[in-house]
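Written out below as structure tokens is the structure these notes cover.
The values are calculated or read from the model by the stated rules, or taken from the named source; none is laboratory data. From a predicted model like this one, the values you see are computed outputs, not experimental measurements. Positions of Cβ are generated from backbone atoms using ideal geometry, with glycine treated the same way; all protein chains shown enter the neighbour counts. These area figures cover heavy atoms from the full protein model, side chains too; ligands, DNA and RNA do not enter into them. Shrake-Rupley method; radii C 1.70, N 1.55, O 1.52, S 1.80 Å.
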Amino acid sequence: MNNSTILFGVLSSLALVSGGLVVRSGALNPVPAVFLFLLVFVLCSGLLVWLDLDFFAMIFLVVYAGAMVVFFLFVVMMCTFRREGREHEVAPRHTEFVVGLLFLSHLWLVLERSPRPPTPSAYPIGEHCGHVTSATHLDTLGTLLYTHVPLLFIGSGLILLVALLGAIVLTVHTPGD
Amino acid sequence: MTAVNYLTFSTILFLLAIGGVLLNSQNLFILLMSIELMLLAVNMNFLVFSVLLDDMMGQLLALFILAVAAADSAMGLAILVTTYRTRGTMAVEYATGMKG
């Protein structure tokens, strides 16, 4: 067991434990849940650094931890939660268990059919000599984004615009109402 | 440390988030955070497969998923604030009142 395995185990198990705490114990007091949520994203970006995806690790930190978690914190502070406890605990919820079991059985079927991930295709060594130019990660990403999938890029921009307008329209508070 | 470790990690995170969505009746807020965790697990999966298969398309899709996740949380939190303002509670049971 070398150092990378130990580091991966520590990062991933901390992320999983805090994810489970977010899901289960945040129902009564949401502020620690938001901070654990932040911890999950920071640990996941650490895992991405380990995969040499440093740009994505930075993007995760900026977008998730910088924007989204702050947004969640604003909402927590804006709506003062009453401790509602478990007063409306509905007893057995069969539908949810059935849906979860269906999902698990589907996952098991897929995993049983192909137990290992596909291997990358092996190119013969030296075939690309003279045709290969080096480019940085960010160069490749930008080139692909602007030349291969420009419509998806514009579409995601439109989705963000719709979300911006929708959030403003939903939460604007006119004094006439 | 192989790719299987990463895939196991993202699968377990996804299952945790699914459990949070399905078995949570307390708080709409936790529901939104579970959805974000689900998108995070899917994103990790795309990135790991993109590194494993030497294909940049997975990283492009991860960028798009990031944009969609941001839009998703913005809209969800706006709906949550409006619901809280009109109803004064965040329990999931009362979310059926949004049918109109």
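Counting protein heavy atoms only and a 1.4 angstrom probe, how many square angstrom of accessible surface do chains A and B bury in total, to the nearest 100?
6300
Provide a whole-number value for the mean count of partner chain Cβ atoms within 10 Å of the Cβ atoms in peptide B:17-23.
6
Ranked highest first by the average count of other Cβ atoms within 10 Å around their residues, in what order do B:35-46, A:159-170, B:77-88 fall?
B:35-46, B:77-88, A:159-170
Tell me, rounded to the nearest percent, the portion of alpha carbon pairs in the range A:1-80 spaced more than 23 Å apart.
27
Taking each residue of A:30-37 in turn, how many C-beta atoms of other protein chains fall within 10 Å of its C-beta, and what is the average?
Neighbouring Cβ atoms belonging to other protein chains average 2 per residue here.
Whole number please: convex hull volume per residue of the Cα set in the range A:137-176, in Å³?
67
Which whole-number percentage describes the relative contact order of the range A:1-80, with Cα contacts under 8 Å and a sequence gap of 6 or more?
It rounds to 28 percent for the range A:1-80.
Please compute, for peptide A:50-59, the average count of beta-carbon atoms on other protein chains lying within 10 Å of each residue's beta-carbon.
3
Charges on Cβ only, +1 for Lys and Arg, -1 for Asp and Glu, centred on the Cα centroid of chain B; of B:SER50, B:GLY19, B:PHE9, which one is farthest towards the dipole's positive end?
Final value for the positive-end residue is B:GLY19.
Pop out the carbon and sulfur fraction of the accessible area of the range B:2-94 as a percent, whole number, probe 1.4 Å.
73
Output the Cα-based Rg and Dmax of the range B:2-94 in Å, rounding Rg to one decimal and Dmax to a whole number.
Looking at the range B:2-94, its Cα Rg and Dmax stand at 15.8, 50 Å.
Below 8 Å between Cα atoms, with a sequence gap of 6+, how large is the relative contact order for chain B in percent?
That works out to 31 percent.
With every protein chain kept in place and ligands, DNA and RNA left out, what is the accessible area per residue of chain B? Probe 1.4 Å, answer in Å².
About 37 Å² of surface per residue is accessible.
Accessible area per residue, 1.4 Å probe, Å², for the range A:1-80: what's the number?
46
Counting Lys +1, Arg +1, Asp -1, Glu -1, what net charge surrounds B:ASN43 among other residues with beta carbon under 13 Å of its beta carbon?
The answer is -2.
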